[in-house]
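Peer 1: Have a look at this one before I ask anything.
The values are calculated or read from the model by the stated rules, or taken from the named source; none is laboratory data. Please read these numbers as outputs of a predicted model, since none were measured by experiment. Here the Cβ is made from the backbone with ideal geometry for all residues, glycine too, and neighbour counts use every protein chain on show.
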Amino acid sequence: MTRPPRPPRPPHPPRWPRALLATHTAAVYLFLYLPIAVLVAFSFNRARQTAAWEGFTLSWYGEMLRDERLLGAVRNSLLIAALATALATVVGTMAALALAPAGSRPARGRRPTEVLLLLPVILPEVVMGAALLTLFGAWRMRLSLVTVLVAHVVFSISYVALVVRARLAGLDPAMAEAARDLGAGAGEVFRRVTLPLALPGIAAGALLVFTLSIDDYVVTSFVAGVGATTLPLYVYSLLKAGVTPEINAVSTALLAVTVALIAVAHRLLRHEPGSAG
Amino acid sequence: MAEGSERDGGAAAARRRPAAGDRGAPAGAGWGTMALALPAWLVLGLFFLLPLVLMLGVSGAERGVYGGLRPIGDLAAYLRSGAFLASYRQSLQALYLGIAWRSLWMAALTTGLCLAIGFPAAYALALHVPRRRRGLLLGLVVVPLWTSFLIRTYAWMFILRSEGLLNHLLLSTGLASRPLPMLYTGPAVIVGLVYGELPFMILPLYAALERLDRTLLEAAADLGAGRGAVVRRVTVPLALPGLVAGVVLVFVPSLGQFVVSDLLGGAHTMLLGNLIQNQFAVARNQPFGAALAFELTAAVLLLLGAGARLGGAGRKTEGATVGGRRAEGWDLL
């Protein structure tokens, strides 16, 4: 991956004003994290209307947990995310396996497949949402959780394929060859060598898709019908109606879940030899 | 990152191919493996390619009285009359050109600011920070990408609104005598965009800077180049692929977005994304919305092509960096 550390070298010749750079970088981190920190802090603020600090409270969290529509939206989002993750992970992993043996077997139809998988990631989400809405309209399909699920699977497949493919490309082909030399059939090689080695990548892809699905607003806003409100759609409606401390509580809860997911993902990937990072 | 390992893997596989080839990979070559991509083709063909084709058709149709499409009697005559270009012609009206122009310069301004803020940070991370602390600091750039985009945008609503934190601070310190209108303005949209996109600029820049050969910098300095000259004539050219990737990664999504401008902007910050969304959700003018969507798509593909040409001499820029917008963040985690 990276070069081994260099032996001690003479003081860095292009001596940028280091202090200035360090200050700038610190300011960048402050810029990235201060807004989030403010959000979290003020979810515990007693004041309803102002940004003045009026004392600590957990009541916004209580309010959040009593909000039936919010809980319904969370249920919808979890359901969609779980189903979309399952479906997209299977389809995306299969596609990655089709593309994977980089250079070893010049398979026909690889280039078109690569383009097919790249397009959904490249095109603006607005375009994808509009196109799906056009399709559902043409088919006279009622907009519901089903159409939301379809949309989420469609934009997720590519991400799984990309992540899994990167992982597969980093694997040593000698492993599979060794297994073949030792008499394993194609199925066995796949089941006992390729799949276990690719598993962290597949898990990573699945987690990525789960967070993408939970977080998606743009595409969902096009294809969700009445009664198919997901969490981002509900949060968005709250934001349009005005700022309330309850939104801070919801945001904080979501952030906590995200950080937990990242920690899990980090553990999954950390001990991987030859990881892409 | 990903493309690096892929290249290595490919080369290694190519070297071993003769040995593996004569045994033959059962059900491997030709269409065999590609059959695994069949489900993806099925799903994306039906729910991605077909919708795009349908939408292309819709963009050539005329809006019906009740918001649907007007039936076309004689297709040949319709095509001859040139009526199928009506929506595209409509998009050239001054009002819409103005919106397109605003989208372009707002995306450009966002990209410029991200570059100005992100380059020094990426430089410091790649060349000054000790290796053992880089992982953590890089991770801290990636984490925001995993948190909800809506929530990160909301944070700025919370800060910038008239009863918000910033105004509260300004008022209580006496720097302002009445709340300043900051939310629902153009600058608020720019702040929100820069906030959301900055990591996408820092990550590829870091990747490129981290890879570059430091002896070249030393050589340039030895040969008498000053600080500025080293950065301008050695560092930047060598980091060009990362720079192009960052610019593309920030510019393209900024061009098509509508959430930030909808939440942080006001009546005067309508962008192309908002306009398209509006045609489908509110105005019920699907042909016009579809035409705009294809114009946006064309612009995006053009930009990506230019980016790939500029930054990716022999490297799969489009695939590994643009395609892996989120995936890239993952790799670096």
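Peer 1: Any chance you could count how many residues in the range B:203-244 are in a loop (DSSP other than H, G, I, E, B) and in contact with a helix residue (DSSP H, G or I) (Cβ under 9 Å, 6 or more places away or on another chain)?
Peer 2: Of the residues in the range B:203-244, the ones in a loop (DSSP other than H, G, I, E, B) are B:212-213, B:223-226, B:239.
Then keep just the ones that are in contact with a helix residue (DSSP H, G or I) (Cβ under 9 Å, 6 or more places away or on another chain); that gives B:212-213, B:225, B:239.
Number satisfying all stated conditions: 4.
Peer 1: Now, a different point. Return the residue satisfying two criteria in turn: it lies in the range B:155-164 and is touching a Pro at 6+ places or on another chain (Cβ under 9 Å) and at the interface with chain A (Cβ under 7 Å from one of its Cβ atoms), and of such residues it is nearest to A:Leu254 (Cα to Cα).
Peer 2: Only one residue tops the list, namely B:Ala155.
Peer 1: Before we move on, is B:Gly45 buried (at least 18 other Cβ atoms within 10 Å of the Cβ) and under 25 Å from A:Met128 (Cα atoms)? Quick ask: steps written out before the conclusion?
Peer 2: Working: buried (at least 18 other Cβ atoms within 10 Å of the Cβ): no; under 25 Å from A:Met128 (Cα atoms): yes.
The answer is no for B:Gly45.
Peer 1: Right, here's the next one. Scan the range A:49-72 residue by residue and report those that are exposed (fewer than 13 other Cβ atoms within 10 Å of the Cβ) and assigned to a loop (DSSP other than H, G, I, E, B).
Peer 2: Passing the criteria: A:Gln49, A:Glu54, A:Gly55, A:Leu58.
Peer 1: Taking the options A:Ala178, A:Ala174, A:Ala186, A:Ala204, name whichever one is assigned by TED's automatic domain parsing to the domain that holds A:Ile122, in contact with a Gly (Cβ under 8 Å, 6 or more places away or on another chain) and of a type in the set (Gly, Ala, Ser).
Peer 2: Values: A:Ala178 fails: in contact with a Gly (Cβ under 8 Å, 6 or more places away or on another chain); A:Ala174 fails: in contact with a Gly (Cβ under 8 Å, 6 or more places away or on another chain); A:Ala204 fails: in contact with a Gly (Cβ under 8 Å, 6 or more places away or on another chain).
On inspection, the qualifying residue turns out to be A:Ala186.
Peer 1: In the range A:216-244, which residues are among the β-branched types (Val, Ile, Thr), in contact with a Leu (Cβ under 8 Å, 6 or more places away or on another chain) and assigned to a helix (DSSP H, G or I)?
Peer 2: Correct list: A:Val219, A:Thr220, A:Val223, A:Val235.
Peer 1: Any residue at all in the range A:148-169 that is of a type outside the set (Gly, Ala, Ser), over 21 Å from the mean Cα position of the chain (by Cα) and either more than 9 Å from chain B (Cβ to nearest Cβ) or assigned to a loop (DSSP other than H, G, I, E, B) (or both)? Show your work before the answer.
Peer 2: As a first pass, look at the range A:148-169 and keep what is of a type outside the set (Gly, Ala, Ser): A:148-150, A:152-155, A:157, A:159-160, A:162-165, A:167-168.
Retained after the next criterion (residues that are over 21 Å from the mean Cα position of the chain (by Cα)): none.
No, the range A:148-169 contains no residue that is of a type outside the set (Gly, Ala, Ser), over 21 Å from the mean Cα position of the chain (by Cα) and either more than 9 Å from chain B (Cβ to nearest Cβ) or assigned to a loop (DSSP other than H, G, I, E, B) (or both).
Peer 1: Restricting to the range A:20-36, count the residues that are closer than 15 Å to B:His128 by Cβ and either among the polar types (S, T, N, Q) or at the interface with chain B (Cβ under 8 Å from one of its Cβ atoms) (or both).
Peer 2: The number of residues fulfilling the criteria is 7.
Peer 1: Confirm whether A:Ala130 is within 7 Å of another protein chain (Cβ to nearest Cβ), buried (at least 22 other Cβ atoms within 10 Å of the Cβ) and closer than 24 Å to A:Ala228 by Cβ.
Peer 2: Details: within 7 Å of another protein chain (Cβ to nearest Cβ): yes; buried (at least 22 other Cβ atoms within 10 Å of the Cβ): yes; closer than 24 Å to A:Ala228 by Cβ: yes.
Criteria met by A:Ala130.
Peer 1: Would you check which residues across the range B:172-191 are more than 10 Å from chain A (Cβ to nearest Cβ) and not in a loop (DSSP other than H, G, I, E, B) and list them? Don't jump to the end; show me each part of the working.
Peer 2: Initial filter on the range B:172-191 (more than 10 Å from chain A (Cβ to nearest Cβ)): B:173-182, B:184-190.
B:Gly186, B:Pro187, B:Ala188, B:Val189, B:Ile190 - these are the residues of the range B:172-191 that are more than 10 Å from chain A (Cβ to nearest Cβ) and not in a loop (DSSP other than H, G, I, E, B).
Peer 1: Kindly evaluate A:Arg75 against the criterion of being of a type outside the set (Phe, Trp, Tyr) and free of Cβ contacts under 8 Å to residues at least 12 places away in the same chain.
Peer 2: Working: of a type outside the set (Phe, Trp, Tyr): yes; free of Cβ contacts under 8 Å to residues at least 12 places away in the same chain: yes.
Yes, satisfied.
Peer 1: Just to be sure, is A:Gly205 within 11 Å of chain B (Cβ to nearest Cβ), closer than 30 Å to A:Ala130 by Cα and either buried (at least 21 other Cβ atoms within 10 Å of the Cβ) or basic (Lys, Arg) (or both)? Don't jump to the end; show me each part of the working.
Peer 2: Numbers: within 11 Å of chain B (Cβ to nearest Cβ): yes; closer than 30 Å to A:Ala130 by Cα: yes; either buried (at least 21 other Cβ atoms within 10 Å of the Cβ) or basic (Lys, Arg) (or both): yes.
So A:Gly205 fits the description; yes.
Peer 1: State the number of residues belonging to the range B:205-220 that are aliphatic (A, V, I, L, M) and at the interface with chain A (Cβ under 7 Å from one of its Cβ atoms).
Peer 2: We begin by selecting, within the range B:205-220, every residue aliphatic (A, V, I, L, M); these are B:205, B:207-209, B:212, B:216-217, B:219-220.
When the remaining residues are screened for being at the interface with chain A (Cβ under 7 Å from one of its Cβ atoms), the result is B:217.
Qualifying residue count for the region: 1.
Peer 1: For the structure I just gave you, tell me whether B:Val247 is part of a helix (DSSP H, G or I), touching a residue at least 60 places away in the same chain (Cβ under 8 Å) and more than 26 Å from B:Ser87 (Cβ to Cβ). Explain how you work it out, then say what you get.
Peer 2: Working: part of a helix (DSSP H, G or I): yes; touching a residue at least 60 places away in the same chain (Cβ under 8 Å): yes; more than 26 Å from B:Ser87 (Cβ to Cβ): yes.
Criteria met by B:Val247.
Peer 1: Then there's this: Quick check on this structure: which one of A:Ala184, A:Ala179, A:Ala174 is without any contact (Cβ under 8 Å) to a residue 12 or more places away in the chain, surrounded by fewer than 20 Cβ atoms within 10 Å (Cβ to Cβ), more than 30 Å from B:Phe47 (Cβ to Cβ) and more than 9 Å from chain B (Cβ to nearest Cβ)?
Peer 2: Details: A:Ala179 fails: without any contact (Cβ under 8 Å) to a residue 12 or more places away in the chain; A:Ala174 fails: more than 9 Å from chain B (Cβ to nearest Cβ).
Step by step, each of A:Ala184, A:Ala179, A:Ala174 is checked, and only A:Ala184 is without any contact (Cβ under 8 Å) to a residue 12 or more places away in the chain, surrounded by fewer than 20 Cβ atoms within 10 Å (Cβ to Cβ), more than 30 Å from B:Phe47 (Cβ to Cβ) and more than 9 Å from chain B (Cβ to nearest Cβ).
Peer 1: Would you pick out the residues in the range B:108-138 that are within 8 Å of another protein chain (Cβ to nearest Cβ) and of a type in the set (Gly, Ala, Ser)?
Peer 2: B:Gly118, B:Ala121, B:Ala124
Peer 1: If you don't mind, another one. Do any helices (runs of 4 or more DSSP H) entirely within the range B:40-105 hold 1 or more residues that are closer than 12 Å to B:Gln286 by Cα and hydrophobic (A, V, I, L, M, F, W, C), and if so, which?
Peer 2: On the way: elements: B:50-59, B:75-81, B:86-90.
It comes to B:50-59.
Peer 1: Could you please give the count of residues in the range B:41-90 that are hydroxyl-bearing (Ser, Thr, Tyr), within 14 Å of chain A (Cβ to nearest Cβ) and within 33 Å of the chain's Cα centre (by Cα)? Even if it seems obvious, please write down each step before you answer.
Peer 2: Step one: list which residues in the range B:41-90 are hydroxyl-bearing (Ser, Thr, Tyr), which gives B:59, B:66, B:78, B:81, B:87-88.
Adding the requirement that they be within 14 Å of chain A (Cβ to nearest Cβ) leaves B:59, B:66, B:87.
If we keep only those that are within 33 Å of the chain's Cα centre (by Cα) too, we end up with B:59, B:87.
The qualifying residues number 2.
Peer 1: If you go through the range A:229-277, how many residues are within 27 Å of B:Ala290 (Cα to Cα) and at pLDDT below 90?
Peer 2: Residues of the range A:229-277 within 27 Å of B:Ala290 (Cα to Cα): A:229-230, A:232-234, A:236-237, A:240.
Filter again for at pLDDT below 90, leaving A:240.
Residues flagged as within 27 Å of B:Ala290 (Cα to Cα) and at pLDDT below 90 within the range A:229-277 amount to 1.
Peer 1: Right, here's the next one. Which pairs have Cβ atoms under 9 Å, sit 6 or more apart or on different chains, and link a residue in the range A:196-215 that is in a helix (DSSP H, G or I) to one that is of a type in the set (Asp, Glu)?
Peer 2: A:Leu197/A:Asp172; A:Pro200/A:Glu272; A:Gly201/A:Glu272
Peer 1: Got a sec? Which of B:Ala225, B:Ala219, B:Ala229, B:Ala207 is of a type in the set (Gly, Ala, Ser), at pLDDT 85 or above, over 30 Å from A:Asn248 (Cα atoms) and surrounded by fewer than 23 Cβ atoms within 10 Å (Cβ to Cβ)? Outline the logic, then answer.
Peer 2: Working: B:Ala225 fails: at pLDDT 85 or above; B:Ala229 fails: at pLDDT 85 or above; B:Ala207 fails: surrounded by fewer than 23 Cβ atoms within 10 Å (Cβ to Cβ).
Testing whether each residue is of a type in the set (Gly, Ala, Ser), at pLDDT 85 or above, over 30 Å from A:Asn248 (Cα atoms) and surrounded by fewer than 23 Cβ atoms within 10 Å (Cβ to Cβ) leaves just B:Ala219.
Peer 1: Show the residue pairs that are 6+ apart or on different chains and have beta-carbon atoms under 9 Å apart, the first residue being within the range A:115-141 and in contact (Cβ under 8 Å) with a residue 24 or more places away in the chain, the second being acidic (Asp, Glu).
Peer 2: A:Leu118/B:Glu318; A:Glu125/A:Asp216
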